[in-house]
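*Asks:* Got a structure for you, questions after.
The values are calculated or read from the model by the stated rules, or taken from the named source; none is laboratory data. As the structure is a prediction and not an experimental result, all values here were calculated from the model. For neighbour counting, all protein chains shown are included, and Cβ atoms are generated from backbone atoms with ideal geometry for every residue, glycine included.
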Amino acid sequence: MTSNPRPVELRYDPAAIDRKWQERWEKDGIHRVDNEDPRPKWYEMTMYPYPSGDLHIGHWYAMAPADCHARFRRMQGYNVLHPIGFDAFGLPAENAAISRGIHPHTWTMDNIANMRRQLRSIGAVYDWEREIVCCLPEFYRWNQWLFLQFYKAGLAYRGRAPVVWCPSCQTVLANEQVLNGACERCGATITRRDLEQWFLRITEFADRLLDFQGLEDWPEKILTMQTNWIGRSEGVEISFDIKEYGLETKELNTFTTRIDTVFGVTFIVLAPEHPLVEQLTAGDQRAAVADYIEQARRASEIERLSTETEKTGVPLGSYAVNPLNGERVPIYTGDYVLMGYGSGAVMGVPAHDSRDFAFAKKYGLPVRIVIAPITWDGSDLTEAYLDDGFMTNSGKYEGMTDEEGKQAIADDIEKNGWGRRTVSYRVRDWIISRQRYWGTPIPMVYCAECGIVPVPEDTLPVLLPPDAEFKPTGESPLAANADFVNTTCPQCNGPARRETDTMDTFFDSSWYMLRYLDPNYDEGPFDPDLARRWMPVDQYTGGAEHAVMHLLYSRFFVKALHDMGVLDFDEPFLRLYNQGVILGEDHEKMSKSRGNVVNPDEVVGQLGADAVRCFLMFIGPWDQGGPWSDVGIIGTARWLNRVWDLVERDPSRLDAGTLDPESVRQTQRVLHQTIRKCYNDLDQFKFNTAIAALMEFSNHLNRVWADSSVDPETWRQCAENFLLLLAPMAPHFTEELWERKGLPYSIHQQSFPAWDEGLAANDMITLVVQVNGKVRDRLNVPADIDEAAAQAQALTSPRVQSYTQGKAVAKTIYVPGRLVNLVLG
RNA sequence: GCCGAAGUGGCGGAAUGGUAGACGCGCCGGUCUCAAAAACCGGUGGGGGCAACCCCGUGUCGGUUCGAAUCCGACCUUCGGCACCA
């Protein structure tokens, strides 16, 4: 921790200026966005905050630079919509209810009221008339309506899936509530339970989600992560024969991307959750298998999939026959096989898969090489061989390359009806059911006569009842509310039960961009005319932690709604930019337990919103995040203070000085270079270097003021343009100075300055002269110097000559405008 | 573990194949002051040299190139995500 920062003696009262302009802008409604504005639209959205209580400096870090970018677009001439809202459903509200006895609604709405006030202090261009709060029925009734559209389209279905279960609290846990395999509240070892839940068929869109053609500019790393998350692999589904057991199911389906290795199968592994495990377990293995399954229910997926942890399993005592060679191989259950991927069963080929290899070694299963390594001497493998080679021990496919073998075997499998070529995805259907109170009720009814019946659209919303019990029963708190649960069937009017699960909050964030357009629209989730006008979102900003889930869900939603004819576009966000994470002064993630949390209110009151905005942008590249610094912000505050002084100076005092035409020209050059730099940097979210350029500009202006070498008109131009360039970053500060200079309100309704390439051009440059790649001299030469002249001058340099003396120059490299490199023979 | 990033002065960072360290913090020196703070001006990667200058230097090791912080390979460390935190 640093010592107390030295105070800054400001020439102005930042708190008064912040207040004055926030009130004035509010009164004038300059942030109200007119849907009919004829200028081109620009929809710039930042991920809405969860109303956790206080606005954290992390929220400022996400929102202030985003606002700066939106303001820059506005000054470029766009009609900019930059809305804000609250992601108001979710687990923390329910935890507050349990631990402090505050109703989730009260807790959430109080937090929102507080954060709304704090958000205003940022001075952003939010149009508050468009604010959304998704725990209110005006919002969530449309979640319900949308769910029903997914249901009608066959994209919502009911199925079984495991949830984390605390046997002691008798409740479902979120992964976050599990610490080292134990319930965070009571410490009991967790297990998993299968429940009937609602799924959305995102897998049906897997291929389309892999197509990024419709996106304009997303970070490459996010596209890679989405691609890997979806995890498309082409392979073959092949059935092993189990008809010897006389079960209803005669075949065991496995999926493999390496069908060329099918002659190397020496065992089969089923996921512990596989439906056939029970039927295929022999009498004497029942106890061992049951124990193993119970153990697997405690393990997380990360543990199960780790290539470090030992691969374990238990033989079921039954066998399956490989259709290609008629071999009978043992069936195991093992937790490294997941039910959610492929068919939940793998053919074990230890010679050519590392996990299978580890498994076979542990259980003494044979390892049969069927793809011969090119330089193979016939000896045993010490690890699985994964590369190319020729087929061996493989019947009639002997001698083919593995690629040829793949095709030939797949052809024969399809011809004989043993299986088919297919595509598998790592991505799984999206489970939206949550056994919780604080979420959108899923609008379905269960009737003994009619089965699953959707709630009719014209009776929405299904309101979340205000009275709920939060005692742990293992069911959603809604299940204990008889008034809510008991209803009549919309079809037969007989007695029926409501669905008591609520929706995942990612449901809300999948379409909230549409609701901002008119949060009060009551004929549908959004106004279709406004959607045509504003959608898709031009620029989205937010944390990279949403790379795969939220951003994939939202893309899926929009594609599904497009197919239903609800939307006429199929990507929600054309451009994406991810900011990094702001860290505490100790370079650690901010957390209450570390005590390194920065409260923005205090520093905003002291130094002003603009000093905080500028400092957050100046710390470093926005996408990389960085540490807060109580001392560092002093530098930014001091700089704004110097800018105040600079802009407030009376240019007529320069009349007394000695005008230097070269200084005037240089000052114009710096002005135009700065405009160009700011324009390009703000365009690309490079706020830190834009501010550094403005700092250099202010340093330059100070120097020319000190020697009075420029005329008042040049000075005036520089000062005005300076304010315009700084306006997106420091909106209150620049508005105040703009007014004090008598310029027309509002600076934020002015155009961003334009630069002149001619005036920005340098006429002299520093030419670097290298000898064998080492810098030996720097020459000041005209910018348009040609190669011959540059070389000639380089050779006349005495410093260079001391290195080249007596040696022949074998080669000369010339980079125009930069350097001459003399390579000696 | 798997997927994705990032490592540069005392600190935040700049430079994305061509002058390493822009800009800022901190520190040192100066101006002003009775003094201090603030403000303003100057200096500031490490080592050597009276100096001109020279050598070293971008996580580690190796490679490509006239030239590498930047490109390639291996490794180390830190961070984000891994499907119920949002």
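*Asks:* When you go through A:LYS396, A:LYS406, A:LYS362 one by one, which is the residue that is assigned to a helix (DSSP H, G or I), over 30 Å from A:HIS103 (Cβ atoms), under 39 Å from the mean Cα position of the chain (by Cα) and not aliphatic (A, V, I, L, M)? It would help to see each step written out before you state the result.
*Replies:* Details: A:LYS396 fails: under 39 Å from the mean Cα position of the chain (by Cα); A:LYS362 fails: under 39 Å from the mean Cα position of the chain (by Cα).
Residue meeting the stated conditions: A:LYS406.
*Asks:* For the subset of the range A:493-508 comprising residues that are among the polar types (S, T, N, Q) and farther than 12 Å from A:GLN435 by Cα, which member is farthest from RNA strand B (Cβ to nearest atom)? Explain how you work it out, then say what you get.
*Replies:* Residues of the range A:493-508 that are among the polar types (S, T, N, Q), as a first pass: A:493, A:500, A:502, A:505.
Imposing the further condition that a residue be farther than 12 Å from A:GLN435 by Cα reduces the set to A:493, A:505.
Working: A:ASN493: 31, A:THR505: 5 Å.
Restricting to residues being among the polar types (S, T, N, Q) and farther than 12 Å from A:GLN435 by Cα, the top hit is A:ASN493.
*Asks:* Is it the case, given these coordinates, that A:ASP429 is among the acidic types (Asp, Glu) and under 30 Å from A:PHE199 (Cβ atoms)? Talk me through it step by step, then tell me what you get.
*Replies:* Working: among the acidic types (Asp, Glu): yes; under 30 Å from A:PHE199 (Cβ atoms): yes.
In short, yes.
*Asks:* If you don't mind, another one. Just for the range A:629-640: of the residues that are buried (at least 19 other Cβ atoms within 10 Å of the Cβ) and not hydroxyl-bearing (Ser, Thr, Tyr), which one is nearest to RNA strand B (Cβ to nearest atom)?
*Replies:* A:TRP639
*Asks:* Right, here's the next one. Looking at (1) more than 9 Å from RNA strand B (Cβ to nearest atom); (2) of a type in the set (Phe, Trp, Tyr); (3) crowded, with 18+ Cβ neighbours inside 10 Å, find the lone condition where A:TRP644 falls short.
*Replies:* Status for A:TRP644: all satisfied but (3).
Quick grid of which residues meet (1) at pLDDT 95 or above; (2) more than 16 Å from the chain's Cα centre (by Cα):
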| site | (1), (2) |
| --- | --- |
| A:ARG193 | no, yes |
| A:LEU200 | yes, yes |
| A:GLN213 | no, yes |
| A:LEU223 | no, no |
| A:ARG232 | no, yes |
| A:LYS243 | no, yes |
| A:LEU247 | no, yes |
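*Asks:* While we're on this one: Report, by residue number, each residue of the range A:757-770 that is more than 9 Å from RNA strand B (Cβ to nearest atom) and either more than 44 Å from the chain's Cα centre (by Cα) or surrounded by fewer than 13 Cβ atoms within 10 Å (Cβ to Cβ) (or both). Reasoning before the result, please.
*Replies:* Initially, the range A:757-770 is screened for residues more than 9 Å from RNA strand B (Cβ to nearest atom), giving A:757-764, A:769.
Within the range A:757-770, A:GLU757, A:GLY758, A:ALA761, A:ASN762, A:ASP763, A:MET764, A:VAL769 meet the criteria.
*Asks:* Consider A:ALA282 carefully, then state whether it is touching a Gly at 6+ places or on another chain (Cβ under 7 Å), free of Cβ contacts under 8 Å to residues at least 60 places away in the same chain and among the small types (Gly, Ala, Ser). Steps first, answer last, please.
*Replies:* Details: touching a Gly at 6+ places or on another chain (Cβ under 7 Å): yes; free of Cβ contacts under 8 Å to residues at least 60 places away in the same chain: yes; among the small types (Gly, Ala, Ser): yes.
Considered against the rule, which asks whether it is touching a Gly at 6+ places or on another chain (Cβ under 7 Å), free of Cβ contacts under 8 Å to residues at least 60 places away in the same chain and among the small types (Gly, Ala, Ser), A:ALA282 comes out as yes.
*Asks:* Take the residues of the range A:216-250 that are in contact with a strand residue (DSSP E or B) (Cβ under 6 Å, 6 or more places away or on another chain) and among the hydroxyl-bearing types (Ser, Thr, Tyr): which is surrounded by the fewest Cβ atoms within 10 Å (Cβ to Cβ)?
*Replies:* My answer is A:SER233.
*Asks:* Then there's this: Write out, first by first residue and then by second, each pair whose Cβ atoms fall under 8 Å of each other, whose residues are 6+ apart or on separate chains, and whose first residue, in the range A:340-355, is more than 24 Å from A:ASP387 (Cβ to Cβ) while the second is aromatic (Phe, Trp, Tyr) and surrounded by fewer than 24 Cβ atoms within 10 Å (Cβ to Cβ).
*Replies:* A:SER343/A:PHE255; A:ALA345/A:PHE255
*Asks:* So, one more: Residues to consider are A:ASP568, A:ASP529; find the one that is within 29 Å of A:THR459 (Cα to Cα), touching a His at 6+ places or on another chain (Cβ under 8 Å) and surrounded by fewer than 19 Cβ atoms within 10 Å (Cβ to Cβ).
*Replies:* Working: A:ASP529 fails: touching a His at 6+ places or on another chain (Cβ under 8 Å).
Testing whether each residue is within 29 Å of A:THR459 (Cα to Cα), touching a His at 6+ places or on another chain (Cβ under 8 Å) and surrounded by fewer than 19 Cβ atoms within 10 Å (Cβ to Cβ) leaves just A:ASP568.
*Asks:* Now for a different question. What single numbered condition from (1) surrounded by fewer than 17 Cβ atoms within 10 Å (Cβ to Cβ); (2) closer than 26 Å to A:SER708 by Cα; (3) of a type outside the set (Val, Ile, Thr) fails to hold for A:PRO621?
*Replies:* Failed condition: (2).
*Asks:* Residue check, A:ASN596 against (1) out of contact with any strand residue (DSSP E or B) (no Cβ under 9 Å at 6 or more places or on another chain); (2) outside any helix (DSSP H, G or I); (3) of a type in the set (S, T, N, Q), all met but one. Which one?
*Replies:* Single failed check for A:ASN596: (1).
*Asks:* Cβ-Cβ below 6 Å, separation at least six or inter-chain, first residue in the range A:369-391 and under 12 Å from A:SER354 (Cβ atoms), second charged (D, E, K, R) and modelled with pLDDT of 80 or more: which pairs?
*Replies:* What qualifies is A:ALA384/A:ASP353.
*Asks:* Could you check how many residues of the range A:792-811 are more than 9 Å from RNA strand B (Cβ to nearest atom) and surrounded by fewer than 17 Cβ atoms within 10 Å (Cβ to Cβ)? Before the answer, list the steps.
*Replies:* Our first condition is that a residue be more than 9 Å from RNA strand B (Cβ to nearest atom); within the range A:792-811, this holds for A:792-798, A:800-801, A:804-809.
Checking the rest, the ones that are also surrounded by fewer than 17 Cβ atoms within 10 Å (Cβ to Cβ) come to A:792, A:795-796, A:798, A:801, A:805-809.
Total satisfying the criteria: 10.
*Asks:* I need a count of the residues in the range A:650-666 that are surrounded by 16 or more Cβ atoms within 10 Å (Cβ to Cβ) and in contact with a helix residue (DSSP H, G or I) (Cβ under 7 Å, 6 or more places away or on another chain).
*Replies:* Filtering the range A:650-666 for residues surrounded by 16 or more Cβ atoms within 10 Å (Cβ to Cβ) gives A:651, A:654, A:657, A:660, A:663-664, A:666.
Restricting the remaining residues to those that are in contact with a helix residue (DSSP H, G or I) (Cβ under 7 Å, 6 or more places away or on another chain) gives A:651, A:654, A:663-664.
Within the range A:650-666, residues that are surrounded by 16 or more Cβ atoms within 10 Å (Cβ to Cβ) and in contact with a helix residue (DSSP H, G or I) (Cβ under 7 Å, 6 or more places away or on another chain) number 4.
*Asks:* Any chance you could count how many residues in the range A:641-694 are more than 30 Å from A:ARG74 (Cβ to Cβ) and part of a helix (DSSP H, G or I)? Break it down stepwise before answering.
*Replies:* Step one: list which residues in the range A:641-694 are more than 30 Å from A:ARG74 (Cβ to Cβ), which gives A:650, A:652-666.
Still in the running and part of a helix (DSSP H, G or I): A:652-656, A:661-666.
Looking only at that region, the number is 11.
*Asks:* If you scan the range A:438-469, which residues turn out to be farther than 22 Å from A:PRO92 by Cβ and not in a loop (DSSP other than H, G, I, E, B)?
*Replies:* If the condition is that a residue be farther than 22 Å from A:PRO92 by Cβ and not in a loop (DSSP other than H, G, I, E, B), then A:MET444, A:VAL445, A:TYR446, A:CYS447, A:GLY451, A:ILE452, A:VAL453, A:PRO454, A:GLU457, A:ASP458, A:THR459 are the ones that fit.
*Asks:* Go through (1) outside any strand (DSSP E or B); (2) touching a residue at least 60 places away in the same chain (Cβ under 8 Å); (3) within 12 Å of RNA strand B (Cβ to nearest atom) and name the single condition A:SER424 misses.
*Replies:* (1)
Okay, residues lined up against (1) under 17 Å from the mean Cα position of the chain (by Cα); (2) modelled with pLDDT under 95; (3) outside any loop (DSSP other than H, G, I, E, B):
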{"residue": "A:VAL33", "(1), (2), (3)": "no, no, no"}
{"residue": "A:ASP37", "(1), (2), (3)": "no, no, no"}
{"residue": "A:GLU44", "(1), (2), (3)": "yes, no, yes"}
{"residue": "A:TYR48", "(1), (2), (3)": "yes, no, no"}
{"residue": "A:ASP54", "(1), (2), (3)": "no, yes, no"}
{"residue": "A:GLY58", "(1), (2), (3)": "yes, yes, yes"}
{"residue": "A:ALA64", "(1), (2), (3)": "no, no, yes"}
{"residue": "A:CYS68", "(1), (2), (3)": "no, no, yes"}
